[in-house]
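Peer 1: One structure is given below, represented as structure tokens, and several questions about it will come after.
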Amino acid sequence: MNKHVEQYLNYFLGLPVSPNYAVMVTGQWGAGKTRLVKKICESNSANLKVYYISLYGLSSTKQIDDLVFACLHPVLSNKKIKAGAKVLMSALKLTTSLNLDINAGGNKETTASASVPQIDLSAFISDDEKKSKSVFIFDDFERCSMVPEEALGYVNYYVEHLGAKVLIVSNPKKIEGDKFSNLKEKVIGQELHVIADFDSALDTFVLELLSNDECKQSVTANKDNIKRIFNEAGYNNLRALRNSILQFSRFYKALPEKAKSHEQFISELIGDFFPLSFEHLNGADLSLLEYRQLISDNKDFTKRFDKYENFEIFKVATHHSDLWRHFFINGLVRVCLLESYVTSHHLFATDATPAWIKLWNWRYLNQERLSEILLLIQKQLDNKEIAEVGVILHIFATQMLLVSLGFEFKSIEILCQEAKNYIDSIRDRVESNVFAEAHIGMRSYGGFGYPDIKEFNELFDYAESLKTELRKESYPEQATQLLAKLKEENTNSLYELFDYSGSFAKFPVFGYMNSQDVMGVLAEYQTTESWYNFTRCLGDRKEKLTAYKCDINDEMSFYSELKDLLDDYISKNNKKLITSIGAKTLLNRLNEIIGVTEAAG
């Protein structure tokens, strides 16, 4: 692949005379144009002097001059040397007629034609032999901020007047205009198109990027799998491939050892990882990677993945989709999620694997094994062994899904009623933290998403109403726990409980607290920092409660009462206690909360 490019450039670079035309090497972004051109030039480097200039973002020929100067004088272009060698540089300008902004001050010393370099290169290219051995590579031509024909006119100077060999690397599809097309015919003598060479690129990336021998072996063993996915993606972007290889190596490093050594697991992981990576790098919003999001109205998103033969977007969205969202969107490898993802994978099922997870992976079960698991789960339900509502919902949701797909079993209506009856029967044993998660549009438990079936939605809402009741019943006890926590002066973990993921950000806890009790604890604080710790907890209080559909007005009586108590505390101790500084800070925060709420009301 791309032998035509290599063959022609070897001929072009080997010409003993100046060709008087430039060669344009084209291809899509990320196709490997720059890497190929540099590789070919390096193979001829014994007979050539190569100068590489990227035009990315440049808006004037003056800026190009500066980069050319940096190529010709790599030592003098060093910032530290430039800053301390103004006299030497000025002398150099005079002797070589350089018109550069050497001091980086942005002042032009002379005005010249916009398309003519202001550098006298005669000292470097003074005869025909030096001209034929001088190669200027102007890369990222389409990303130059100058008018295309102006940039090409500048480059033409090196071809027509300087007699050097010039290579222009560009994606011409991003350049339009009749003026450019006409000038291009006069300057470009040969245009060569580069096709993304997957095989050689992957081999290079494996050698350059992967330091872990196990990861190298895994990627190499799955080369055909990755190549198929790369071709199905259709972007032909080797830069995206390189990025994905790097990302995969990072993800691979965090895997449990048993996963790294399991060939089938790695193969399935690659089958999910690379489609997500390629699409993410090409603009896919992976925040939509959640079952209910996908079935709502996101056809454009799901359609992106139709081209991948062995990739199922809905399967990925229901199995630890939060792991993928954290990784690709936030750049985080959540070890706890990753370990759960591996442990719950069907390939690692053991006798210790919960029956409900085995049932969730029903697609990998034969009829005999499915029947065994259903009998085991029924026995667990009969004995009231399962008290986690999230697990209960999974058990009945999976059975409902099987029935909806044509599996002859109990009707969906009967299953829904049995689930409600079971939840009622264990109500007194249920804790509020064993429910399915329902936030930011996501519905899942244990990393596994639920199917969207009408009757299950009804069951889910039923469980949600019970969760709300139980949580409300727990609020007074949590308020008591918070008061005990406040007594731990200078506790650094207090703020975390009030952050968006903290338990006290999810309900109006102060509505269940006595202001005098809290003031009594605060008054015992010995340092201003202790007051500050409590004040920080009230930052963005309204926004945090609103995120969990709670109303800060439920806490307003507490704030008003605490404010009065603070006023009295400060008036009595204003000049006597150092902690009055912290008390004033808390008072200001309370005024902000009360003021904002009153304005909103």
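The values are calculated or read from the model by the stated rules, or taken from the named source; none is laboratory data. Everything quoted here is computed from the prediction, not taken from an experiment. All Cβ positions, even for glycine, are placed from backbone atoms using ideal geometry, and neighbour counts span all protein chains on display. What goes into the accessible areas is simple: the full protein's heavy atoms, side chains included, and nothing from ligands, DNA or RNA. Shrake-Rupley method; radii C 1.70, N 1.55, O 1.52, S 1.80 Å.
Peer 1: Say we look at region 224-237 and pick out the residues that are assigned to a helix (DSSP H, G or I) and open to solvent by less than 60 Å² (accessible area, probe 1.4 Å); which of these is farthest from GLY32 (Cα to Cα)?
Peer 2: The qualifying residue farthest from GLY32 (Cα to Cα) is ASN225.
Peer 1: For residues that are outside any helix (DSSP H, G or I) and either open to solvent by 20 Å² or more (accessible area, probe 1.4 Å) or closer than 18 Å to ASN514 by Cα (or both), tally how many sit in region 552-595.
Peer 2: Total satisfying the criteria: 5.
Peer 1: Now for a separate question. Name the residue that is surrounded by the fewest Cβ atoms within 10 Å (Cβ to Cβ), counting only residues in region 166-183 that are touching a strand residue (DSSP E or B) at 6+ places or on another chain (Cβ under 8 Å) and closer than 20 Å to TRP29 by Cα.
Peer 2: ASN171
Table: residues versus (1) in contact (Cβ under 8 Å) with a residue 12 or more places away in the chain; (2) more than 25 Å from ALA196 (Cβ to Cβ); (3) in contact with a Leu (Cβ under 6 Å, 6 or more places away or on another chain).
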| residue | (1), (2), (3) |
| --- | --- |
| LYS39 | no, no, no |
| GLU42 | no, no, no |
| LYS49 | yes, yes, no |
| TYR52 | yes, no, no |
| LEU58 | yes, yes, no |
| VAL68 | yes, yes, no |
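Peer 1: Also, quick follow-up: Is there any pair with a first residue in region 1-12 that is at positive phi and a second that is in a helix (DSSP H, G or I) and open to solvent by less than 90 Å² (accessible area, probe 1.4 Å) whose Cβ atoms are under 7 Å apart and which are 6 or more apart or on different chains, and what are they?
Peer 2: ASN2/LEU36
Peer 1: Restricting to helices (runs of 4 or more DSSP H) lying wholly in region 306-389: which have 1 or more residues that are at positive phi and at pLDDT below 95?
Peer 2: Here the list is empty.
Peer 1: Exactly one condition in (1) open to solvent by 40 Å² or more (accessible area, probe 1.4 Å); (2) over 22 Å from GLN399 (Cβ atoms) is false for THR491; which is it?
Peer 2: Failed condition: (1).
Peer 1: Mind listing whichever residues of region 130-152 are farther than 18 Å from PRO16 by Cβ and open to solvent by 20 Å² or more (accessible area, probe 1.4 Å)?
Peer 2: Passing the criteria: ASP140, GLU142, ARG143, SER145, VAL147, PRO148, GLU149, GLU150.
Peer 1: Can you go through ALA484, ALA463 and tell me which one is in a helix (DSSP H, G or I), hydrophobic (A, V, I, L, M, F, W, C) and within 30 Å of MET400 (Cα to Cα)?
Peer 2: That would be ALA463, the only listed residue that is in a helix (DSSP H, G or I), hydrophobic (A, V, I, L, M, F, W, C) and within 30 Å of MET400 (Cα to Cα).
Peer 1: Something else: Out of everything in region 296-329 that is in contact (Cβ under 8 Å) with a residue 60 or more places away in the chain and aliphatic (A, V, I, L, M), what residue ends up being surrounded by the fewest Cβ atoms within 10 Å (Cβ to Cβ)?
Peer 2: LEU323
Peer 1: What pairs can you find where one residue is in region 409-431 and closer than 24 Å to THR468 by Cα and free of Cβ contacts under 8 Å to residues at least 24 places away in the same chain, the other is crowded, with 18+ Cβ neighbours inside 10 Å and of a type in the set (Phe, Trp, Tyr), and their Cβ atoms are less than 9 Å apart, with a gap of 6+ or different chains?
Peer 2: GLU418/PHE396
Peer 1: Given region 125-213, what helices (runs of 4 or more DSSP H) lie entirely inside it while holding 1 or more residues that are farther than 30 Å from ALA254 by Cβ?
Peer 2: 128-132, 148-160, 178-187
Peer 1: List the helices (runs of 4 or more DSSP H) inside region 238-295, counting only whole elements, that have at least 2 residues being open to solvent by less than 10 Å² (accessible area, probe 1.4 Å).
Peer 2: Answer list for region 238-295: 238-253, 263-281.
Peer 1: Name the one entry in ASP499, ASP540 that is surrounded by 13 or more Cβ atoms within 10 Å (Cβ to Cβ), at positive phi and within 29 Å of the chain's Cα centre (by Cα).
Peer 2: Working: ASP499 fails: at positive phi.
Being surrounded by 13 or more Cβ atoms within 10 Å (Cβ to Cβ), at positive phi and within 29 Å of the chain's Cα centre (by Cα) holds for just one of ASP499, ASP540, which is ASP540.
Peer 1: How many residues does region 239-280 hold that are in contact (Cβ under 8 Å) with a residue 60 or more places away in the chain, out of contact with any helix residue (DSSP H, G or I) (no Cβ under 7 Å at 6 or more places or on another chain) and within 26 Å of ASP197 (Cβ to Cβ)?
Peer 2: Residues meeting the conditions: 2.
Peer 1: Also: Working only within region 508-563, note down all residues that are polar (S, T, N, Q) and over 18 Å from ASN588 (Cβ atoms).
Peer 2: ASN514, GLN516, GLN526, THR527, THR546, ASN553, SER557
Peer 1: While we're looking at this one, here's another question. Please find, within region 507-526, the residue that is most open to solvent (accessible area, probe 1.4 Å) out of those that are assigned to a loop (DSSP other than H, G, I, E, B) and in contact with a Phe, Trp or Tyr (Cβ under 9 Å, 6 or more places away or on another chain). Write out each step before concluding.
Peer 2: At the first step, the residues of region 507-526 found to be assigned to a loop (DSSP other than H, G, I, E, B) are 507-508, 513-514, 523-526.
Now narrow it down to the ones that are in contact with a Phe, Trp or Tyr (Cβ under 9 Å, 6 or more places away or on another chain): 507-508, 513-514, 523, 525.
Details: PHE507: 4, PRO508: 13, MET513: 25, ASN514: 74, ALA523: 44, TYR525: 17 Å².
Looking at residues that are assigned to a loop (DSSP other than H, G, I, E, B) and in contact with a Phe, Trp or Tyr (Cβ under 9 Å, 6 or more places away or on another chain), I get ASN514.
Peer 1: Filter region 541-551 for residues that are of a type in the set (D, E, K, R) and outside any helix (DSSP H, G or I) and give the result.
Peer 2: Of everything in region 541-551, those that are of a type in the set (D, E, K, R) and outside any helix (DSSP H, G or I) turn out to be LYS549, ASP551.
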